[in-house]
Amino acid sequence: MASMFIKVVCILPLLLVSTVGAPGGGGYKGKWELVSQNSGVSAMHAILLPKINKVLMYDATIWRISKFPLPPQKMPCHMVDPVNKIQDCWCHSVLFDIETSQLQALKIETDTWCSSGGLTVDGNLVSTGGYRGGANTARYLSTCKNCDWMEYPTALAEPRWYATQVTLPDGGFIVVGGRDVFSYEYIPREGLSNKKAIFLPFLRDTSDNLPLGNNQFFRIENNLYPFVHLATDGNLFIFANNRSMLFNPAANKVVREYPALSGGSRNYPSSGMSVLLPIKLYVDNPKVIPADVLVCGGAPWDSYFFAETRKQFMPALQDCGRLSLMKPNAVWKKEVMPSPRVMGDMTILPTGDVLMINGAKTGTSAWGYAEEPNLVPVLYKTKAKRGNRFQELAAGTIPRMYHSSSVLLPDGKVLIAGSNTNNGYLYDVKYPTELRVEKFSPPYLNPELAKLRQEIVVDTSNKVINYGKRFRVNVRSKELGLNKADLKVTMFAPAFTTHGISMNQRLLMLGTVQVINNVWPGIHSIIAAAPPSGKVAPPGYYLLYVVYKQVPSVAMWVQIK
């Protein structure tokens, strides 16, 4: 990976806007900040990279243009059509500095449209699939100053367009599904190629066909970008359309099938949202660790048909289903959101609550197939009783629909970027290509709570931890002493976000062994227990937060292996 990183960065103005909701009174509902007018590329894909604290954003080379031309250091241009001498001289991938909003150019040549991704044990990115020449590609991006993309167009056995990439307990990857691909395969080591994939009938059987008469059908897949979560027993929870199962990929065996989630379809193009809810750990954990999955929103199963053929945009789904994966005879428990949402994003917050943001109230995914942007974020309170879990927050002003993304940051804010409902970069349309970048501050960042925020002393805390072992986190505090009952130590696995799916997103609530107050003046020491195995926490980099009375610290990076 010897390609040169751009040395001259694009410096963009930082703009603070729209503080919505006031401390006290009716409750603090969060704050929106506009931090950049131009992200260079529309953030179809986004992930926070460890060690360098930059958000990787990229779109698709199919458009051949962006708002960030390739700098001289990245020349020559990509030759799209050698016969007709058509070149692409634009960046389609950038690193966005979360503190300064500066951009660094990266050069990517295979088409990443609707691709997948995840982080290695060492915190580097592996990206898979995409469109046409990019569909069988595996790409690698290391988190070092002078690194750029390395691309291997024949790495995968089958084309992976709208597929889901999952990190396994040993730190390896599996990629599941894709358009017209009913299989899965393990991502090979860099430079190698797979010979064949493994057939998965579940993906074939979860497609929808709308009968049109005369033996004609309108195909609506509704099972692309399946929701795939690593369960706490090492198996994979796979959800496609409205069905789900627990699956052992090593044995190619269905371990358990769950009841269908009624109400409509949840996967692309119906595009609902899903997270594996925070995993509660203790110093001594049970053999079977409980885990719940939440699936919210989506669209009626035939919504795509009406959007494409009649330009009618049906109301999105307004319900959620919550399922306890490890319970025998598990059933979905339904809840109702404050508003319908399709193409939304769900971000797990350091406190264990879930932020629902972005999306629309009608229609489905695809270019121009939705209306009524849903501008109001919703907080899902994981531990509250059913019926009291939803809280509407401060509304945004920028529509974030198809191809938008969200990223949890170390300071507890959520970066919001992207949205492009068009075939190309268009600005004179109802919903223009969106290059502005915002940050949303959840209610725990209410200024009145600032005194509760602990400061991790990184230099004297353990930054590399081992499974099942105890480790130390030191915090600088304004409190004379910390009560163990008021503390949580949480570990967040950065998500690869695209098309409303957040691959490998995970929050672990660790067991607290002991709190030692005033080990130095104003410094308190927390002894916590690391996760027990890679089944619960795949090896790699996590953001570690100390949460005191529901107010998170700024995180530090830890590596577990």
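The values are calculated or read from the model by the stated rules, or taken from the named source; none is laboratory data. Note that the coordinates shown come from a computational prediction; the quantities given were computed from them, not determined experimentally. Cβ coordinates were reconstructed from backbone atoms using ideal geometry, including for glycine residues, and neighbour counts include every protein chain displayed. The protein model used for the area step is the full one, side chains on, heavy atoms only, and it has no ligands, DNA or RNA in it. Shrake-Rupley method; radii C 1.70, N 1.55, O 1.52, S 1.80 Å.
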Of Leu103, Leu156, Leu95, Leu119, the only residue that is open to solvent by 10 Å² or more (accessible area, probe 1.4 Å) and at pLDDT 95 or above is Leu119
Residue pairs qualifying under the 8 Å Cβ cut-off, at least six apart or on distinct chains, with the first in the stretch 242-265 being under 16 Å from Phe227 (Cβ atoms) and the second being outside any strand (DSSP E or B) and at pLDDT below 95, are none
Scanning the stretch 193-224 for residues that are farther than 16 Å from Lys253 by Cα and either in contact with a His (Cβ under 8 Å, 6 or more places away or on another chain) or part of a strand (DSSP E or B) (or both) gives Asp208, Asn209, Leu210, Pro211, Leu212, Gly213, Gln216, Phe217, Phe218, Arg219, Ile220, Leu224
* Asked: Being modelled with pLDDT of 95 or more, more than 28 Å from Ala163 (Cα to Cα) and open to solvent by 10 Å² or more (accessible area, probe 1.4 Å), is that true of even one residue in the stretch 430-438?
  -> yes
Residue hits (the stretch 358-392; part of a strand (DSSP E or B), within 22 Å of Phe440 (Cα to Cα) and aliphatic (A, V, I, L, M)) are Ala360, Val378, Leu379
Condition set closer than 19 Å to Pro153 by Cα and aliphatic (A, V, I, L, M), scope the stretch 77-92, selection surrounded by the most Cβ atoms within 10 Å (Cβ to Cβ): answer is Val80
Among the residues of the stretch 322-344, are any of a type in the set (Gly, Ala, Ser), open to solvent by 20 Å² or more (accessible area, probe 1.4 Å) and over 25 Å from Leu544 (Cβ atoms)? yes
Picked from the stretch 131-149 (must be in contact with an Asp or Glu (Cβ under 7 Å, 6 or more places away or on another chain) and within 26 Å of Asn53 (Cβ to Cβ)), the residue most open to solvent (accessible area, probe 1.4 Å) is Tyr140
Condition first: assigned to a strand (DSSP E or B), hydroxyl-bearing (Ser, Thr, Tyr), modelled with pLDDT of 95 or more and surrounded by 20 or more Cβ atoms within 10 Å (Cβ to Cβ). Can you find one or more residues in the stretch 231-239 that meet it? no
How many residues of the stretch 39-55 are under 18 Å from Val458 (Cβ atoms) and buried (at least 24 other Cβ atoms within 10 Å of the Cβ)? The answer is 1
Q: Would you confirm whether any residue within the stretch 135-148 is among the small types (Gly, Ala, Ser), out of contact with any Lys or Arg (no Cβ under 7 Å at 6 or more places or on another chain) and closer than 22 Å to Ala417 by Cα?
A: no
For the stretch 189-202, pairs from a residue that is closer than 22 Å to Leu125 by Cα to a residue that is surrounded by fewer than 13 Cβ atoms within 10 Å (Cβ to Cβ), with Cβ under 7 Å and 6 or more apart or across chains, are Ser193/Thr154
Scanning the stretch 142-182 residue by residue, those part of a strand (DSSP E or B) and of a type in the set (Ser, Thr, Tyr) turn out to be Tyr152, Thr164, Thr167
Residues of the stretch 296-343 being closer than 17 Å to Gln391 by Cα and among the hydrophobic types (A, V, I, L, M, F, W, C), in sequence order, are Cys296, Cys320, Val336, Met337
Is it the case, given these coordinates, that Leu125 is within 16 Å of the chain's Cα centre (by Cα), closer than 23 Å to Gly171 by Cα, among the aliphatic types (A, V, I, L, M) and surrounded by 24 or more Cβ atoms within 10 Å (Cβ to Cβ)? no
